[in-house]
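Take a look at the structure below.
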Amino acid sequence: MRFAPPNPLRIADRASGLNSLSVRSYNERLVLSLLLQNEATTRLEIGEKTGLSAQTISVIVRSLEQEGLVVRGEAQKGRVGPPTTPLMLNSEGAYSVGVSVGYHNTHIVVVDFIGNVQHHRVMPHKAADTFDAPEALALEIRLAVAGLSESRQARIAGVGLALPTPPIRSEPDHDVLHRYLEAEFGLPVFVQNDITAAAGGESLFGTARQLQDFLFFYLGARLHCRLVLNHQIYNGNSPLSYDFGVLALERRLPADSAMAEKLWGQDLSWPPLEATLADWQQACAENLIQLTQSLLQFIELRTVVLSSFVPAAICEALCTLVRQEIPSVNAVVGRTSAAPKAVGAASLPFSSRFMVN
């Protein structure tokens, strides 16, 4: 089974490149890693950060352009000397499929090389906290991929699976599901813990793209957290979670309430829940604050990232409460909010195939 690394693969501030044709693939990964971390960069900046010679960089860039992975931006004028031309990833250079198995739904996304979601499908479970339909999942993946042209389908780098640890009830063994999908699609399949995948996706594509250290929270059925230091994700495969998520809110509603089902949908706002929502939101914020303060006793952190499928307005309200209580910390809402764990899963093939350790 291909277990994706528990951390998003990022290069150091000054990685060491090798000027040899025999390691050209490594150097190409080095350049792509820089471009995955930055919206645009110049050849001069690549040389400063990698130590590669100008000639080696030119050969690599020319090769990546021919492969359609890299494009040139508009020349930047107004500086001393000739205009500089930034390099950036070609959004159509590669695609990836991400799958996350959740409490109520399984999400399937197709993302491009810069993390834009091209297609998103939702597969409801027959019952909460159960998943036993790999054939139906394969069909949903085929439908999502069918939204790409044939030429773009040929550029799919692989499939990423974000799966809970331990598995939910009735879920196939991770290795069985991995081998089944790999045989069905003939693509490499990468498996990762769902919360760790969400943190990696936020680091590669989202709000945390330029952050080296941050505390990551995922608010789903339960509340989960990961600590990221120097781009390394800690508590990578721990089942530890806190019962202050959407499931706790659902339990506060009347048993026959039709509103409970709406909590798990893709609506931009929730139905009016008035005092019930306010009480849950306050309890959730208090736990976010307590967990953050506990960690700050040992590590100095400046940023907290909150990722969730919960409506953005509610996530922003939670972040505001955290900032008010802990002024030294900037609490922000993650950008990969449509299906954070699935987008994180889609980042796994890119990390494994295009980045360096």
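The values are calculated or read from the model by the stated rules, or taken from the named source; none is laboratory data. Nothing here was measured: the structure is a model prediction, and the numbers come from that model. No Cβ is skipped: glycine too gets one built from the backbone with ideal geometry, and neighbour counts run over all protein chains shown. Calculation scope for accessible area: heavy atoms of the full protein, side chains included, ligands and nucleic acids excluded. Shrake-Rupley method; radii C 1.70, N 1.55, O 1.52, S 1.80 Å.
Here are the numbers for the structure shown:
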read-out	value
Breaking point among (1) of a type in the set (Phe, Trp, Tyr); (2) assigned to a helix (DSSP H, G or I); (3) out of contact with any Leu (no Cβ under 9 Å at 6 or more places or on another chain), for TRP264	(2)
Residues (among the small types (Gly, Ala, Ser) and closer than 15 Å to VAL99 by Cβ) located in region 188-219	ALA197, ALA198, GLY200, GLY201
Single residue of region 35-58 satisfying the filter (in contact with a Leu (Cβ under 9 Å, 6 or more places away or on another chain) and without any contact (Cβ under 8 Å) to a residue 24 or more places away in the chain) that is surrounded by the most Cβ atoms within 10 Å (Cβ to Cβ)	GLU45
Residue match in region 305-312 (condition: out of contact with any helix residue (DSSP H, G or I) (no Cβ under 9 Å at 6 or more places or on another chain) and among the hydroxyl-bearing types (Ser, Thr, Tyr))	no
Residues of region 87-101 that turn out to be open to solvent by 10 Å² or more (accessible area, probe 1.4 Å) and in contact with an Asp or Glu (Cβ under 8 Å, 6 or more places away or on another chain), as a count	3
Single unsatisfied condition, TYR242 versus (1) surrounded by fewer than 23 Cβ atoms within 10 Å (Cβ to Cβ); (2) more than 21 Å from LEU163 (Cα to Cα)	(2)
Pick from region 275-288, criterion over 15 Å from PRO311 (Cα atoms) and either charged (D, E, K, R) or open to solvent by 20 Å² or more (accessible area, probe 1.4 Å) (or both), ranking: nearest to the chain's Cα centre (by Cα)	ASN287
Residue under evaluation LEU139, criteria (1) modelled with pLDDT under 90; (2) farther than 18 Å from LEU163 by Cβ; (3) open to solvent by 60 Å² or more (accessible area, probe 1.4 Å), criterion not met	(1)
Selected residue (only one of GLY147, GLY160 is open to solvent by less than 10 Å² (accessible area, probe 1.4 Å), among the small types (Gly, Ala, Ser) and either at pLDDT below 90 or outside any helix (DSSP H, G or I) (or both))	GLY160
Restricting region 280-325 to residues that are of a type in the set (Val, Ile, Thr) and part of a strand (DSSP E or B), the residue that is farthest from ALA199 (Cα to Cα)	THR303
LEU268 vs. criteria open to solvent by 80 Å² or more (accessible area, probe 1.4 Å) and in contact (Cβ under 8 Å) with a residue 12 or more places away in the chain	yes
